[in-house]
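These notes are about the structure you will find just below.
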Amino acid sequence: MPLFGNTFSPKKTPPRKSASLSNLHTLDRSTREVELGLEYGAPVMNIGGQSLKFEDGQWITAESHVMQKELEDMKNHYKRKK
């Protein structure tokens, strides 16, 4: 047992693998979309059984378009009754 020597000597780490040979990072956005089939739509998430969609900077329910149409139909129906 050495008095002043360091008994801990870790092994050298193996060299890192070479960089990726893929050239996808050099392609422009439109070419990547064509090559990889990337079509970005509005983000959608489901919380508690309700589907929410991000449009125009706000989270709205995915069914809001259906509800707006129903509201318009109801308004038209009441206008016809008067």
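Among (i) 2.56; (ii) 1.33; (iii) 1.09, find the value of Cα Rg over 2.2 N^0.38 Å that was calculated from the structure presented, and write down its label. From the options (i) 2.56; (ii) 1.33; (iii) 1.09, the structure gives (i). For the chain, the residue among Asn23, Val34, Met74 whose Cα projects farthest onto the positive side of the dipole built from Cβ charges is Asn23. Rounded to the nearest 20, the Cβ-based charge dipole of the chain about its Cα centre (Lys and Arg +1, Asp and Glu -1) stands at 240 debye. Of Lys17, Lys75, the sequence from fewest to most neighbouring Cβ atoms within 10 angstrom is Lys17, Lys75. In terms of other Cβ atoms within 10 Å, Ile47, Ile60 run from fewest to most in the order Ile47, Ile60. Sequentially through segment 22-30, phi angles give Karplus couplings (6.51, -1.76, 1.60; θ = phi - 60°) of 6, 10, 5, 5, 8, 6, 6, 4, 5 Hz, Gly and Pro residues having no value and appearing as x. For segment 15-56, backbone nitrogen atoms closer than 11 Å to the point 7 Å from Val66 Cα along Cα-to-C-beta are found at 51.
Compared with the dominant principal axis of the Cα atoms in the chain, helix 64-81 is inclined by about 10°. Relative to the current alpha-carbon distance between Glu55 and Leu27, full extension at 0.36 nm per residue lengthens the span by 7.2 nm. Annotation: amide H of Ala62 within the under-5 Å range of Ser51, Leu52, Lys53, sequence separation 5 or more or interchain, hydrogens built in the peptide plane.
Since every read-out is calculated from the coordinates, none of them should be taken as a lab result. Nothing here was measured: the structure is a model prediction, and the numbers come from that model. Cβ sites come from the backbone with ideal geometry, for glycine too, and all protein chains shown count toward neighbours.
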